[in-house]
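For reference, the structure discussed in these notes is given below.
The values are calculated or read from the model by the stated rules, or taken from the named source; none is laboratory data. Being a predicted model, the structure only gives us computed values, none of them experimental. For neighbour counting, all protein chains shown are included, and Cβ atoms are generated from backbone atoms with ideal geometry for every residue, glycine included. Keep in mind that these areas ignore ligands, DNA and RNA; they rest on the heavy atoms of the full protein, side chains included. Shrake-Rupley method; radii C 1.70, N 1.55, O 1.52, S 1.80 Å.
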Amino acid sequence: LPEQGAPQEVPENADAGPVAVRGEEEEGEEEAYVPRAGVNCTGVVECKGGELRSMWHSPHEMPLGDHLEKYLGECSTVMRGILLGMHTYMFPPNEKRNSWALVTMGLSGFSMPVPEGMDPRYGHAELMVLVDPSWTPPGLLNDEAAAWPFYVIGDLAHYIVNNNAFVSFSHGLANMAAPGEPFVQGSELKWAVVAEPDDTGLPDWEELLTGYYEQNPYTKEMEGVVILPIVALTDEEYARKRALRYSGIAEFIGIGKPIDLVLRADRKSHFSQSMTKSAAE
């Protein structure tokens, strides 16, 4: 991985760690970020001032990072968000993907309770969102207007850990930080749904989402980690999903093509768009 870009200084009592290039060593970093990972792949971090916060660690971080780069391109930076309890890998737009890709790194250290009869490799997951290419990454996570995509996946990750929950493809949940409210002020997007691997039509998508299977360096056992792509829906879109009980997002909305997974705060309901188009015709 390239070692480029300058990490930002962390102000006293900031809610996030610095933005730093993955794998980069930086002077004084341990004062702001001190992971203490155990065999259960969890730990704490000591922030400036001595405050301790929960921190999640994935034993698969380095090989999983390589897996992500194979399909998403170069990881430019890592947001070390103490508030979110995990890292977020950031992949800028490239010639194959006209969007940012944000992927959590740490949730897969938690073992979700897999339902009986389901492949156990679905018990370890990371969450991903694609974000509009015009989006400007925030310097710190307390910049709410720019940081809201981090919280779409961060709040869902906290829900999984705090409730010992199992979340997988086609599952849907409300905005866990404020149920019934939009993810960002002024938006219609209020629900987070995990897209199916074939919902997007993107090349190599299924291999990216379900193709990682490596040895856990702590337990020495083989484990899979699935990447769960999150799409944000409006009230009427989510109501249609529940009414039809259909897992495929593109078909339940009825748009007749792979759904656009890219988060855009100003996106309107696909239903209102369809009605506007019909009226024009």
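Points worth noting:
- Hits in segment 114-171 - residues which are assigned to a loop (DSSP other than H, G, I, E, B), among the polar types (S, T, N, Q) and either under 17 Å from GLY186 (Cβ atoms) or open to solvent by 10 Å² or more (accessible area, probe 1.4 Å) (or both): SER134, THR136, ASN142, ASN163, ASN164, SER170
- Scanning segment 116-170 for residues that are under 16 Å from the mean Cα position of the chain (by Cα) and at positive phi returns a single hit, SER170.
- Subset tally (residues that are buried (at least 20 other Cβ atoms within 10 Å of the Cβ) and closer than 20 Å to GLY211 by Cα) for segment 72-87: 2
- Residue in segment 197-211 that is modelled with the lowest pLDDT, counting only those that are surrounded by fewer than 20 Cβ atoms within 10 Å (Cβ to Cβ) and assigned to a loop (DSSP other than H, G, I, E, B): GLY201
- Of the residues making up segment 172-187, those that are polar (S, T, N, Q) and surrounded by 16 or more Cβ atoms within 10 Å (Cβ to Cβ) number 2.
- Residue check: HIS60 meets all listed conditions (1) modelled with pLDDT of 60 or more; (2) open to solvent by 10 Å² or more (accessible area, probe 1.4 Å); (3) of a type outside the set (S, T, N, Q); (4) closer than 24 Å to TYR159 by Cβ but one, namely (2).
- Residue within segment 222-234 that is modelled with pLDDT of 55 or more, more than 30 Å from HIS57 (Cα to Cα) and not aliphatic (A, V, I, L, M) present: yes
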